[in-house]
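Pasting in a structure now, in structure tokens, and then I'll have a few things to ask.
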Amino acid sequence: MTTRPSNRITITSDKGCLSEEEIERMVWEAEMYKAEDGAAAARIQSKNDLESYAYDLRDSIEKLEIAVNEKISWLDGSQEASKEEYDGQKKGVASYRQRDHAETEWSS
């Protein structure tokens, strides 16, 4: 059996430093800002998700650009290739595109 951590705030007054009213005000303020803190945390998580997605997408585009440039270079040097060679080269790029698209589809 596991125990879950408590979400309670405990403020104690050692040596009489805080009055009862000060403690109550601090507890009230903590509760008041709890919703704002939750909203800020959710906003930051969404920003981080978008940022991660954008960087992943940029990396994928760079990889695809390299693959496309390699195929264009191959085409430039393979003007007399067979139908099978052209089809094989196209399948290579198409499979990369499908795999890459599936990897970046995780968070739309």
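What are the residue pairs meeting all of these: first residue in the range 60-72, first residue open to solvent by 100 Å² or more (accessible area, probe 1.4 Å), second residue part of a helix (DSSP H, G or I), Cβ atoms under 8 Å, and 6 or more apart or on different chains?
If the second residue must be part of a helix (DSSP H, G or I), the pairs left are 63/96; 63/100.
Which members of the range 42-59 meet the condition of being open to solvent by less than 60 Å² (accessible area, probe 1.4 Å) and farther than 30 Å from residue 99 by Cβ?
42
Scan the range 43-81 for residues that are under 20 Å from residue 95 (Cα atoms) and not aliphatic (A, V, I, L, M) and jot them down.
56, 58, 59, 60, 62, 63, 65, 69, 70, 71, 73, 74
Each row is one residue, and each column tells you yes or no for (1) charged (D, E, K, R); (2) in a helix (DSSP H, G or I).
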residue: 36; (1), (2): yes, yes
residue: 50; (1), (2): no, yes
residue: 53; (1), (2): no, yes
residue: 69; (1), (2): no, yes
residue: 76; (1), (2): yes, yes
residue: 79; (1), (2): no, no
residue: 94; (1), (2): no, yes
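Still on this structure, I have one more. Which residue out of 88, 77 is over 30 Å from residue 8 (Cβ atoms), at pLDDT 90 or above and open to solvent by 50 Å² or more (accessible area, probe 1.4 Å)?
Exactly one residue qualifies, and that residue is 77.
The values are calculated or read from the model by the stated rules, or taken from the named source; none is laboratory data. The shown structure was predicted, so the numbers you read here are calculated from the model rather than taken from an experiment. Ideal geometry is used to build each Cβ from the backbone, glycine not excepted, and the neighbour counts take in all protein chains shown. Heavy atoms of the whole protein, side chains included, go into the accessibility calculation; ligands, DNA and RNA do not. Shrake-Rupley method; radii C 1.70, N 1.55, O 1.52, S 1.80 Å.
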